[in-house]
Structure formats: structure tokens, C-alpha cells
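One structure is given here, and the rest of the page talks about it.
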Amino acid sequence: MRHILGLSCLAAFSLLLICTEAIAIIGILAGVNITTGERPLRRNINQLYVSGPAWDLFLLALRKFQQVNQADPLSYYQVAGKRPRPVFAKLDC
Amino acid sequence: MTAALSLRMPYWDAFASPDLPVAASVPSITVNGPNGREVIDNPLYNYTFHANEGGNPFPPGHWVRKT
């Protein structure tokens, strides 16, 4: 099953698996064709750059994502920090 | 609205375009926001750590914006 981590500021159903509470990664459900299960493609950033509204949304969403409090497990700081080692004290399993 | 539904994380094909994308190389960028065009700090350019949040020991007020 493909897992897609996205930045859409609309219905983002993506969650994270961490030690204190399990959060399942299920990917974004917005924009998925209900009948065929077809998902939107990821685009090349150089093409997204010139594509207008999608690009603006992406940047604004990313900026908002970076502003989320770093104590929040779904913040940019913690999501970007996901790695096997080293782990932060609070997430130590 | 349809753009929001089909928005996904973009990729950078480093073999097809070896140069760092323009989008990630400028410190400020102009975006069409809810209030019209505005110039914002480019989130792809750098990330500024928040001091004293999430248990990190970053001191406030000592961070100079670096690339």
C-alpha cells in the first residue's frame, strides 16, 4: 500500500507512528477517485513552480506547517526529524 | 479548490535537473495568498527553529538566519 505524506491544508488524514501513541499513516484521502482509487500524481517541482494556484497552496501550506509548535508530533520539526537514530528523549522507545 | 484536492508533495529529479530548483534557492518568494500577492519567506529555502519548544535547548534570540 502506498503511503503518501502530503502538506495539503485541507482534509489531511495522514498521521504518524510514534512510540507513545500509535498513529497510522494512511495518506491523504482528498482528491482520490472513489470508484477507481486513482490518486493524484506527484509533480516535478520545476513544473509545479510555474503552475499557478497549486504552487501558491503548496508554499502557503509548507509555511504553515513550519509554524506549528515544535512540541506537536505533527509539526514540521518532528516530522522532518523522523529517523531511526538518534531519537529524542521523549520519543525513546 | 480542485488544485487543493490534487496537491501532493512535489519531487525533484536531481538527475534530470542537476541544479538546485529555483524555488529552493531564493530567500523570499512572491505568493498569491488569500489577500492578494504577498512576499513571504521561502519555506523551501530554510527552516528557522523555534526556541524553547518541544524540549529543544535552542536559546531564544541568538539565531541568525542562515542558508
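Points worth noting:
- Around the amide H of B:Gly33, modelled in the peptide plane, lie the amide H atoms of B:Glu38, all under 5 Å away and 5 or more residues distant in sequence or on another chain.
- Label-point separation in nm, B:Asn35 to A:Val79, each point 7 Å along Cα→Cβ: 2.5
- Karplus (6.51, -1.76, 1.60) ³J(HN,Hα), θ = phi - 60°, over region B:22-28, in Hz, Gly and Pro reported as x: 3, 4, 9, 10, 10, x, 10
- The residues A:Trp55, B:Trp12, sorted by heavy-atom accessible surface at 1.4 Å with ligands and nucleic acids left out, run B:Trp12, A:Trp55 from largest to smallest.
- Using the Cβ-Cβ distance between A:Thr36 and A:Gln67 with R0 set to 30 Å, the FRET efficiency from 1/(1 + (r/R0)^6) comes to roughly 0.25.
- The phi-based Karplus calculation (6.51 cos²θ - 1.76 cosθ + 1.60; θ = phi - 60°) puts the 3J(HN,Hα) values of region A:58-75 at 4, 5, 5, 5, 5, 5, 4, 4, 6, 8, 4, 3, 5, 7, 6, x, 9, 7 Hz, whole numbers, x for Gly and Pro.
The values are calculated or read from the model by the stated rules, or taken from the named source; none is laboratory data. Nothing here was measured: the structure is a model prediction, and the numbers come from that model. Every residue, glycine among them, receives a Cβ derived from its backbone with ideal geometry; neighbour counts consider all protein chains shown. Just so you know, the surface numbers come from the protein's heavy atoms only, side chains and all, with ligands and any DNA or RNA stripped out. Shrake-Rupley method; radii C 1.70, N 1.55, O 1.52, S 1.80 Å.
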